1. Got a sec to turn the phi values of region 69-86 into Karplus ³J(HN,Hα) couplings, 6.51 cos²θ - 1.76 cosθ + 1.60 with θ = phi - 60°, whole Hz, x for Gly and Pro?
2. If you split all Cα-Cα distances of region 33-115 into 10 Å bins from zero, what percentages do you get per bin, shortest first?
3. Show me, for region 144-159, the HN-Hα J-couplings you get by feeding each phi into the Karplus relation (A = 6.51, B = -1.76, C = 1.60, θ = phi - 60°), rounded to Hz, glycine and proline as x.
4. Report, by chain and number, residues whose modeled amide H sits under 5 Å from the one on Ser56, excluding near sequence neighbours (fewer than 5 apart, same chain).
Amino acid sequence: MAREVGEVEYGLTRLEAAIRRAGETSPKAVFASEELLLAGVKLDRRRRTLAVRFASGARHELPLRALRLAFPARSARLDDLRHGVVLTLENGAAVEIASDLVLHRCDPDYRAAHATEQRTAPDFGARIRALRRASGKTARAVAAAAGMAPSNYARLEASKHQPRVETLLAVASALGVPLEELVRV
């Protein structure tokens, strides 16, 4: 079944919205993105710490060992959006550290607030299985039509992994249903 680019984009937009809705557990975010904005960073190589200052005025110090870096850090700077720190390692590689990771590691209030969110990915497996059974097709036939190994398709129906958008598009096509029908939650 051929699709126009606009139809695929529309389907992807609907899919992304469905995934967001399924993952939401509270009407508002616990920490607004403005609270994740960084104002400064300082690498203390002697003490092996990363001092991070947030735009809100909060300051946190993160031990570098908590980051489990492959090589020692040589320098640190804010990323272009000021929502992360870019560490340059001794081997020349760059590692990005998100501001929410710093908060998660250093701020017990942030950690506690996000522990209650328990965001889970939507479960498409049962829906896919029900649509397949309603179509009268075997799992092996749908897997073949979608270009998947039967074992991977079985894992999909059993909700053992979260599928990529491309996989969902292929399965929807194999079942002869629109993507929206496949991901309805």
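Every read-out reported here was derived from the displayed coordinates using simple, explicitly stated rules and does not represent laboratory data. On a predicted model such as this, the values are computed, not experimentally measured, just so you know.
1. Per-residue couplings from phi come out as 6, 6, 9, x, 7, 9, 8, 9, 8, 6, 6, 4, 8, 6, 10, x, 10, 9 Hz.
2. 19, 54, 24, 3
3. Values per residue, Gly and Pro as x: 5, 5, 8, x, 10, 5, x, 5, 5, 5, 4, 4, 5, 5, 7, 6 Hz.
4. none
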